[in-house]
């Protein structure tokens, strides 16, 4: 984690962009449930290896937990940000060979960009996660964070709270 803070600090000093990608392997639970956790673990290992082989040296990749990865790209421009999204698509297009089975994966990606979507790492990670949630909900491969996503989530949370309260009052 210290490495990420250092990357952000250097990017700020150079007045450049930094992209945070939250990558979620779609339908990974189905693989775990139907083929077993050992196959799921091998999928995660092979995907991490594939991501690392195509990463530019300046990118940082870590597993965020479960079936999610976080990649951080310092000192970039929008062309690079989109090029990396296309690279991820190409990585996913190649089938995995595990225990004699060919598996094809897909993913959803949420992206936030410093300094537009946050000034600190926690905010950028949170906004990339919100963008990921929106991409999954909308069936998109990737989604850049924008504040309307946050506003929509707040409205939905408030509405859900009001509905629960209304149901409790009625019953």
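The values are calculated or read from the model by the stated rules, or taken from the named source; none is laboratory data. Values in this document were obtained by computation on a predicted structure and should not be read as measured data. Neighbour counts are summed over all protein chains in view; Cβ atoms, including those assigned to glycine, are modelled from backbone coordinates with ideal geometry.
Quick check: is even one residue across the range 94-105 under 12 Å from residue 21 (Cβ atoms) and touching a strand residue (DSSP E or B) at 6+ places or on another chain (Cβ under 8 Å)? The answer is no; no qualifying residue exists. Only one entry of 31, 23 meets the criterion of being buried (at least 18 other Cβ atoms within 10 Å of the Cβ), over 19 Å from residue 128 (Cβ atoms), in contact with a strand residue (DSSP E or B) (Cβ under 9 Å, 6 or more places away or on another chain) and at pLDDT 85 or above, and that entry is 31. When the strands (runs of 3 or more DSSP E) confined to the range 15-82 are screened for residues that are within 18 Å of residue 104 (Cβ to Cβ), those reaching at least 3 such residues are found at 17-25.
Rundown of residues vs (1) out of contact with any helix residue (DSSP H, G or I) (no Cβ under 8 Å at 6 or more places or on another chain); (2) within 21 Å of residue 137 (Cα to Cα); (3) in contact (Cβ under 8 Å) with a residue 60 or more places away in the chain, yes/no style:
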position: 50; (1), (2), (3): no, no, no
position: 53; (1), (2), (3): yes, no, no
position: 67; (1), (2), (3): no, yes, no
position: 77; (1), (2), (3): yes, no, yes
position: 82; (1), (2), (3): yes, yes, no
position: 108; (1), (2), (3): no, yes, yes
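When the range 107-124 is filtered for residues that are assigned to a helix (DSSP H, G or I) and surrounded by fewer than 19 Cβ atoms within 10 Å (Cβ to Cβ), the ones remaining, listed by number, are 121, 122, 123.
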